[in-house]
1. Estimate the FRET efficiency between A65 and F166 by the formula 1/(1 + (r/R0)^6), using the beta-carbon distance for r and 35 Å for R0, to the nearest 0.05.
2. Calculate the spin-label point distance for T81 paired with T155, positioning each point 7 Å from the Cα along the beta-carbon direction, and give it in nanometres.
3. What list of ³J(HN,Hα) couplings, whole Hz, do you get for the stretch 113-126 from phi and the Karplus terms 6.51, -1.76, 1.60, once you set θ to phi - 60° and write x for glycine and proline?
4. Please list, in order along the stretch 53-67, the HN-Hα scalar couplings obtained from phi with the Karplus expression 6.51 cos²θ - 1.76 cosθ + 1.60 (θ = phi - 60°), rounded to whole Hz, x for Gly and Pro.
5. Can you tell me the length gained on complete extension of the stretch K112 to D48, counting 0.36 nm per residue apart and subtracting the Cα distance?
6. Across the stretch 33-47, in residue order, what do the Karplus-derived ³J(HN,Hα) couplings come to in whole Hz, using 6.51 cos²θ - 1.76 cosθ + 1.60 with θ = phi - 60° and x for Gly and Pro?
7. How big is Rg to Rh over the stretch 4-157, alpha-carbon atoms, Rh as the Kirkwood inverse-mean-distance radius?
8. May I ask you to compute the full-extension gain from V129 to D30, defined as 0.36 nm times their residue separation minus their alpha-carbon distance, rounded to one decimal in nm?
Amino acid sequence: MKKPWLFALLLLPALHPRPASALDEVTATDIVTGLVPIGGLVLTYSNDDPAGRRQYFWSMATSMAVVNGSRLAFKDHEWATRPNGHPYGFPSGHMAFLGAGAAFLQDRYGWKWGVPAWAATGYTAWVRVDDDHHRWRDIVAALVVVEASSLYFTTRFPDMTVKPLFGDEYQKVAGLQVEYRFAAR
């Protein structure tokens, strides 16, 4: 680990936690909204992955620029009003930030990191809709943007993918297809 100070910095908020009674679902999902993307960035440091870090920043910056630009463009549209009456609801900024982290983790480091990140994203989306912060269209719009951005900028680490392989009715084959990309970093 080359940047131990980064982990120490991330642990500072844990030194002064809120009482359990004060931590409601919305606050918990606000915390998760920061932890997943920061976790993706920390993982690039712990894996000594500067290429992944560049991809993370490009994907995150593009996602946030498109979503926030859309929020400004839709500010006078009826879709911009949230169910609770607040403005700037379409698309969801929380889902853009959290989803960009989850999409990066999935696309760069695979399902072991992606599944928990997407589970946290799904739960946060449900809480945001249930608590009248957003509608489902706000969530879906943001997640479409972040997934498209991640697919464009992010490559698998360490450039290897393993996929199931199935034949058709004439070709009775089953197995795994392994691809490895040889490229200079």
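Since every read-out is calculated from the coordinates, none of them should be taken as a lab result. Only a predicted model underlies this, so the values are computations on that prediction, with no experimental measurement involved. Glycine also receives a Cβ, built like all others from the backbone with ideal geometry; neighbour counts cover every protein chain displayed.
1. Computed FRET efficiency for A65 and F166 comes out at 0.30.
2. Each label point lies 7 Å from its Cα, and together they span 4.8 nm.
3. Whole-Hz 3J(HN,Hα) from phi for the stretch 113-126: 9, x, 4, x, 5, 6, 5, 5, 5, x, 5, 4, 4, 4.
4. Values per residue, Gly and Pro as x: 5, 5, 5, 4, 5, 5, 5, 5, 5, 5, 4, 5, 5, 5, 5 Hz.
5. Numbers: separation 64, 0.36 × 64 = 23.04 nm, distance 1.82 nm.
Taking K112 through D48 to full extension adds about 21.2 nm, to one decimal.
6. 4, x, 5, 5, x, 5, x, x, 5, 4, 4, 5, 6, 5, 8
7. 0.99
8. Numbers: separation 99, 0.36 × 99 = 35.64 nm, distance 1.34 nm.
The V129-D30 span can extend by a further 34.3 nm.
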